[in-house]
1. On average, how many beta carbons from a partner chain sit within 10 Å of the beta carbon of a residue in A:76-82?
2. What do you get for GluC sites (Glu not before Pro) in the stretch A:135-208 restricted to DSSP loop and a cutoff of at most 16 other Cβ within 10 Å of the site's Cβ?
3. Any chance you could list P(r) for the protein assembly as shown, counting all Cα-Cα pairs in 10 angstrom bins from zero, rounded to whole %?
4. From the helices alone, meaning DSSP H stretches of at least four residues, give me the mean residue ellipticity at 222 nm for the protein assembly as shown, per-run term -39500 (n - 2.57), in deg cm²/dmol to the nearest 500.
5. What percent does the relative contact order of the stretch B:58-103 come to when contacts are Cα pairs within less than 8 Å and at least six residues apart?
6. Let me understand the stretch A:1-62 better: what is its radius of gyration from the alpha carbons, and its Dmax, in angstrom?
7. I'd like to compare A:34-42, B:64-72, A:114-122: which one has the highest average count of other Cβ atoms within 10 Å, and what's the full order after that?
8. To the nearest µm²/s, what D does Stokes-Einstein give for the stretch B:57-118 at 4 °C and 1.567 mPa s, using the Kirkwood radius over alpha carbon pairs as Rh?
Amino acid sequence: MRLQRNLEVWKMGMVNYLDALKLQEKLVIDRKLGKIPDTLLSLQHPPTYTLGKRKTYHNLLVPEADLRSMGAELHYTERGGDITYHGPHQAILYPILSLRDIRLGARKYVENLEMVMIELASLYGVGACAGRTGETGVWVEDRKIGAIGVRISSGITSHGLAFNIDPDMNYFKHIVPCGIADKEVTSLKRETEKTLPSDEVIHEQLVSCFAKSFGFGNILLKNITLEKGELAKGLP
Amino acid sequence: MAMRMWASSAANALRISCASNTAFALPKCFSTVIDGLKYAPSHEWVKHEGSVATIGITDHAQDHLGELVFVELPESGTAVSKGNSFGAVESVKATSDVNSPISGEVVEVNSKLSDAPGLINTSPYEEGWMIKIKPSNPAELDALMASKEYTKFCEEEDAAH
């Protein structure tokens with residue numbers, strides 16, 4: 001008999017990168033202690049560049065000061081993967097899952113995340129596929145539409161995936177995205193012939209693809225806005 | 001789409017679990033478990049020889065992670081404690097913490113891993129060793145799993161719902 005797996009989905013709107021990072025750190029601890037169920041954060045970031053654990057600064061093509069004058073932030077993180085850009089109209093999912101409970105290793109987990117984005121793209125008639133070895137992510141031919149960067153700490157996941165709905169592609173020019181020099185970045189807007197609904201609808205579809213891909217039958221949706229100082233005193 | 005994926009996940013799980021009750025090395029569709037080592041539930045192994053314990057991750061772990069591209073290790077002299085992270089590995093865009101099965105002080109680190117992280121994939125129990133420590137509390141070894149227990153543990157973990 002398969003029991004229904006519970007997933008709590010936090011719809012968060014636009015969230016500053018560091019706030020989201022601190023929130024994830026807290027949720028990872030809570031998930032490890034069993035205080036919360038598997039949780040999925042669904043959000044977008046203001047213009048932000050991030051580096052992974054390997055600190056591949058050489059893939060940043062402009063001085064850091066230039067990024068600030070563009071209105072973007074730069075952060076170093078503990079996730080896997082190379083340098084990337086996050087910004088408005090890019091859908092982000094940060095799953096905080098216990099991999100042991102869902103019986104997945106890192107590789108299968110990442111493959112599942114790829115499937116989530118491939119499935120979403122297919123809803124819009126876009127044929128995407130997983131990257132070859134060493135080029136993890138989701139591609140439409142040789143244009144990258146979705147990126148993945150994950151951290152696993154004591155079996156609990158954080159960070160996750162970023163799917164390009166219609167971000168400002170100019171921001172990608174200032175980096176070698178994901179360290180892959182000769183490939184383009186693309187978006188759903190560029191690849192589909194269909195009219196796109198609002199970002200909120202696409203986020204909901206992405207969450208739905210996620211729930212299906214990971215076998216979550218019981219979804220609890222919450223609208224969460226992070227108030228200033230909320231992280232300091234603990235969350236709702 | 002979802003049904004196809006579930007079918008292939010189940011097939012993968014079966015392939016791993018039906019083979020991990022062998023204790024000798026076979027082509028890479030089987031997970032190897034070495035007799036004489038001790039194992040932690042987070043898939044690290046310990047080899048205790050006299051005053052030094054060598055630590056690494058198991059064949060099961062490296063198989064589930066995929067090809068490693070980066071390994072982060074502590075410096076000699078660092079204290080490690082049982083169940084806590086001493087470093088990390090990166091594969092397929094995922095960094096995973098590696099935990100120490102026992103407490104002690106790092107006396108040696110496998111420096112080959114910075115240029116050749118894949119040694120952990122090809123030789124997880126030999127050339128892919130990660131750190132050597134001086135155990136501070138050898139009794140902690142008794143709480144770890146022996147090879148038969150660990151094999152069973154992996155089978156249960158991999159079994160589909």
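Since every read-out is calculated from the coordinates, none of them should be taken as a lab result. Quick caveat, the model's predicted, so the values are computed rather than measured. Cβ placement follows ideal geometry from the backbone for every residue including glycine, while neighbour counts extend to all protein chains displayed.
1. Taking all residues of A:76-82 together, the mean is 4.
2. The qualifying sites are A:Glu135, A:Glu141, A:Glu193.
3. Going from the shortest bin to the longest, the percentages are 5, 22, 32, 25, 13, 3, 0.
4. Helix-only estimate at 222 nm: -8000 deg cm²/dmol.
5. On the way: 71 pairs, mean separation 16.6, N = 46.
Result for the stretch B:58-103 is 36 percent.
6. Spelled out, the Cα radius of gyration and Dmax of the stretch A:1-62 are 15.7, 55 Å.
7. On the way: A:34-42: 17.9, B:64-72: 20.0, A:114-122: 22.8.
Per-residue Cβ counts within 10 Å, averaged per peptide and sorted highest first, yield A:114-122, B:64-72, A:34-42.
8. The estimated diffusion coefficient comes to 107 µm²/s.
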